[in-house]
Structures are given as structure tokens and as C-alpha cells.
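All remarks here apply to the structure that follows.
Throughout, read-outs are computed from the coordinates displayed, never taken from laboratory work. Just so it is clear, the structure is predicted and the values come from calculations on it, not from any experiment. Positions of Cβ are backbone-derived with ideal geometry, glycine not excepted, and every protein chain shown enters the neighbour counts.
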Amino acid sequence: MADRAAAWIPAAEGTQRDQLLNGANIAADRVGRSVETIVEGAGEREAAVAAGRETGLLLVPAVDQVQPEAGGGLALVRQAQDEGWRLMLTSVGIDSETETGRESAARMLGDAPDPEAPAAPPLPHVDAPIPADELRQRVSVGNEATFDLTGAMHVELYDSCLSAAGAPIATATELLDWGAGCGRMTRYLRAKAPQARITAADTDAEAIAWTGANLDVQAAVALPLLPPTELPGDAFDRVVGHSIFTHLEVGPQDRWLEELARVARPDGVLAVSFNGPTSFRWHRDHPLVELPDRVIGEVEHDGISIWRGDGWEAHFYEGYHTTFHSHDYIRDHWGQWFEVVAIHDAAAAPTQDIAVLRPR
């Protein structure tokens, strides 16, 4: 059993099937196993679990397609952990036997460190349109249920970080969703801040046009790749930005930090995410990722590294990569423009940190 593995894939043909199995084979090979059992079809959960028990390793390269209901993949993680067999959800980078995989799963499952702590309240739901698959994939989100669930979850998490700084989203009057894309978080901001004027902004003109046409915002602004922008100065008392600094090189980061300092009110509060130490470990342990030694060394020595050649530029533009930061870098370098009020480790589940900032 120690050298065998099973794969669970959606029913597919031709190139798509080959790609799914190739991802499973790569992940299996990296842990010294080979895929010998293939389970196909979204309705085959019982057979997939049985194969995982038998071989000791179940690989799922497209979890949102075989477990399309919200939370279905997470229930599978919990079952694997409870029963003692290994599970790799390769599309979301969760390996039940690695430290970061267990940490990520625990955060996504909502497991409280204190077993007697009260359960978290259920996430809200809004009746708002969901964009087509082509737009959703630009933010690396799977099916409609996953898009909706993660949007609600992230608004709650960002609000929690802002609330800890005495600036909950509910008290916003002018709210900027920076990097809104096709509105994954935007769709939940209106319910959280009913009195606010909401501006959604992104460099993806097509995605932000969809957001402006379909969601409850007062403005939808297409941004250039680099500032200056047409956003008004000293305008926003709350700014949220998810997974933008995770992809920018140092020069563009500095330009956007300066621009955010310009558009925020002097008493404004911002919450933005970045790839900190937890995300770095997650990438290092990911079953389908091989971080270059250069990146590992730069993070440890310089506190920042841009992983060029990670493949993102093929989907977006040259210069769009994976960027890692240390907490010291955030405090020291970003401190030129902002007071770093707090850094919340892995608060943007499952792996990104959230920095809460006030303009200087």
C-alpha cells in the first residue's frame, strides 16, 4: 500500500482528462507513489473514499468539480483526518500530512483551538448575480458555490481585522474595494455597510464593468496597471484589498502603496492581504509546487522575494508573479506610507496574512 495512490477526477474526456490525471500523477510521484486506482464522476464519493482507505492516499485534482456543494471538499478533509488516510486536494494545495495542509484545513473548516469555544455564526448569503466561469477563473476560484462562499467568508474575515482596530466595515461612509475584480467580496459589502458609498476598482476592465453593471456599487473604476489613477484623494475611510500585493514586484508595490496613501482619508483604515510566512510554507509544501532555492533564500535574507517564472504572467501580464513578504518587511518598508496597526496571520483564509494600516 505504501507505494500506491488513488485519484478522484470528474468525468472528462480527451485533453481535460489527461491534464487532471497528469496533475495527480505528478503529486503522487513526488511522495514516492503511483496512481493505480482512478475513480471518475462527481457522484462517486463513496468509491473515492474507499480507494483512499485502501491505498492510503487519495488525490483530488479538481475538488470543486467532484464536490460541487459548498464545503464538500472540506468535509472530505475532515473524514480523511478522522480515519487516518492521506488526502491531497491538489487544486487548493491541501495535503493532510503536512503542517501547512493541516493548518489550512483547520482554518477552512473553522475548527476552533478551544473545543469549548462557541461555534462561529453561519456566513450570510446575498441574492446577487454570480459572474460567468470565465470571469471567476481570473481570481482562481472554482464553481459558483465556492465563489459565493469564499466571498462571504473573506468579507467576514476582513471585517474582523478592521473591527479589532476599532474600524468595522459597518461604520464606513466611503468604502473602496481595491482589486475587486468580478465582485467576489463586493457582493457582500453592501449588507455589511448599508450606509456606505461603495467604489469597486480593478485593473481588469472587463471584470470591473461586470461588477458595476450587476452589483450594488456607486462607482466601478477601471484602473491602469500603475498609478496615477482617477480615484479622488483623501476620499475613503475604509479600504479592503485581497490578494493584490501577493502578485506585485517591489516597484509597482511602492507605487500602489503611495497611491493608497493618497486616496485614503487621514483617519482612514485599510486592510490588505499579502503572502506572509504561513503562505510561504504553504507554497513550499504544496504537492504541485516547487519553489526555487533563490526564492527561499531571498525571503530569509531580504524579507521579500518575487517568484518570476511561476506561470502567472501567461494568464495576466508580464510582471504578475507570486510575491512573498516577511512581517518585518511589511512593518519597515510599508511603514514609509502607513502605520502598521496589526498583522493578522493567515486571516485571509486559508494562507494569506492581513495587514491593517493607517495613513501617516
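When R360, R102 are sorted by how many other C-beta atoms sit within 10 angstrom of their C-beta, beginning with the fewest, the order is R360, R102. Springs between Cα atoms under 10 Å define the GNM used for the chain, and in it the highest mean-square fluctuation of L162, L248, L176 occurs at L248. 3J(HN,Hα) couplings calculated from phi for segment 30-38 with the Karplus curve 6.51 cos²θ - 1.76 cosθ + 1.60 (θ = phi - 60°) are, in sequence order, 5, 10, x, 10, 9, 6, 10, 10, 10 Hz; Gly and Pro show x. Annotation for segment 295-310 versus segment 22-58: alpha-carbon center distance of 33 Å. Listing H325, H333, H283 from fewest to most neighbouring C-beta atoms within 10 Å gives H333, H283, H325. Using θ = phi - 60° in the Karplus curve 6.51 cos²θ - 1.76 cosθ + 1.60, the 3J(HN,Hα) couplings for segment 80-96 round to 4, 5, 5, 8, x, 10, 8, 10, 10, 8, 5, 5, 10, x, 9, 10, 5 Hz; x is entered for Gly and Pro. The GluC sites (Glu not before Pro) of segment 269-316 that DSSP puts in a loop, and whose beta carbon has at most 13 other beta carbons within 10 Å, are E290. Contact order for the chain, expressed relative to its length and based on alpha carbon pairs under 8 Å spaced 6+ residues apart, stands at 13 percent.
I'd like the distance between the alpha-carbon centres of segment 331-356 and segment 79-101, rounded to an integer number of Å. Each part reduced to its Cα centre gives a spacing of 28 Å. Each helix, a run of at least 4 DSSP H residues, gives -39500 (n - 2.57); summed and divided by the residues of the chain, these come to -11500 deg cm²/dmol at 222 nm. Exposure proxy ranking for I354, I38, based on other Cβ atoms within 10 angstrom of each Cβ and starting from the fewest, stands as I38, I354.
Across Q79, Q16, Q67, mean-square fluctuation computed from a Gaussian network of the chain (C-alpha pairs under 10 Å connected) peaks at Q16. Beta bridges assigned by DSSP with both partners in the chain are antiparallel in approximately 40 percent of cases.
Amide H contacts for G276 (H built 1.01 Å from N in the peptide plane; partners 5 or more residues away or on another chain; cut-off under 5 Å): H325, D353.
Shape index of segment 133-359: Rg/Rh, with Rg the Cα radius of gyration and Rh the Kirkwood radius from the inverse mean 1/r over Cα pairs, equals 0.94.
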